[in-house]
Amino acid sequence: MKFKTINISVENKIASIELNRPDVLNAFNAELILELQQVTQIVKDDDDIRVVILSGSGRAFSSGADLAEGESNWDNAKDGLLDGYKPSFDNIISMPKPVIASIQGPAAGIGAAFAMSCDLRIMTDDAYILSVFSNIALVPDGGLSWLLPKYLGYGKAYEYAIEAKKIDARECLQYGIANKVTSIDNLHKDTMEWALKLTKRSPQALANTKKLMRESLSNSYIDTYKNEAEIQNDLVRSPQNIEAVSAFFEKREPNFD
């Protein structure tokens, strides 16, 4: 798989997707937008991939949209968001495997939205999330108007958005945006170790827990409870469940290959 603006590799059932426009801090131009659609669809559909990592090359995760790009593939901002970015967000959110955002430097604008749309996040101690839109008289997009209040609460989310304030790694850890914080020297190693650990977990447990928890954000407690019951009924006595229980009693690691 060869792309101009993305590096992708697959090893040990881990797909690593690296945004690769380091000279502009991985800012999104039309080509990167379209290639990310393709790449996220590929890894979503590949059942051999257990975990996905999304990162940026060079000094940044992503600085957001490339404001210097002269022409666009879309007639207006709405079409760009719905036809350009949204398919990639849909793929990240709906793929039946965890997606880890591995973040160094800025994750700003639409880059912040991509980082926060992932299931898990590991950040370097100098990394930050930034809703930068108010600096250019715009509103947050990419779902940030939904994501930020979920983590920060309305008041803080509104403050950080309208003042375009950085949410540094320490604050991200405090608010639950970041799961882990590490050094820039250890980011790749710690991300890969975390991903490898997750590949050894039950794929059906990872996929269905993601589904239930994603849906719970818009469902009632009772609806979620019922959905749990339905899924649990399907999984009990499944091959993976039997293997996991056997491994528990035999005091060994389960094998889900």
Expected single match for surrounded by 22 or more Cβ atoms within 10 Å (Cβ to Cβ), in the same structural domain as residue 187 (by TED's automatic domain parsing), touching a His at 6+ places or on another chain (Cβ under 8 Å) and within 27 Å of residue 185 (Cα to Cα) among 102, 63 is 102
Consider residue 155 carefully, then state whether it is farther than 30 Å from residue 12 by Cα, in the same structural domain as residue 95 (by TED's automatic domain parsing) and surrounded by fewer than 14 Cβ atoms within 10 Å (Cβ to Cβ).
-> yes
Within 30 Å of residue 168 (Cβ to Cβ) and of a type in the set (A, V, I, L, M) - does that describe any residue in the stretch 217-240?
-> yes
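Results for (1) outside any helix (DSSP H, G or I); (2) closer than 20 Å to residue 48 by Cβ; (3) of a type in the set (A, V, I, L, M), shown as yes or no for each residue.
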position: 157; (1), (2), (3): no, no, yes
position: 167; (1), (2), (3): yes, no, yes
position: 174; (1), (2), (3): no, no, no
position: 252; (1), (2), (3): yes, no, no
Please work out which one of (1) surrounded by fewer than 16 Cβ atoms within 10 Å (Cβ to Cβ); (2) basic (Lys, Arg); (3) on the phi < 0 side of the Ramachandran plot; (4) assigned to a loop (DSSP other than H, G, I, E, B) is the condition residue 201 fails and give its number.
-> (1)
The stretch 1-26 - residue that is among the aliphatic types (A, V, I, L, M) and free of Cβ contacts under 8 Å to residues at least 40 places away in the same chain and, of those, surrounded by the fewest Cβ atoms within 10 Å (Cβ to Cβ) | 10
Scanning the stretch 168-180 for residues that are touching a helix residue (DSSP H, G or I) at 6+ places or on another chain (Cβ under 6 Å) and either under 19 Å from residue 133 (Cβ atoms) or of a type in the set (Asp, Glu) (or both) gives 177
Return a yes/no flag: does the stretch 136-156 have any residue that is closer than 26 Å to residue 18 by Cα and among the β-branched types (Val, Ile, Thr).
-> no
In the list 52, 43, which residue meets the criterion of being assigned by TED's automatic domain parsing to the domain that holds residue 168 and either within 17 Å of residue 4 (Cα to Cα) or assigned to a helix (DSSP H, G or I) (or both)?
-> 43
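The values are calculated or read from the model by the stated rules, or taken from the named source; none is laboratory data. Remember, it's a predicted structure, so these values are computed and weren't measured experimentally. In this analysis, Cβ positions are derived from the backbone assuming ideal geometry, glycine residues included, and neighbour counts consider all displayed protein chains.
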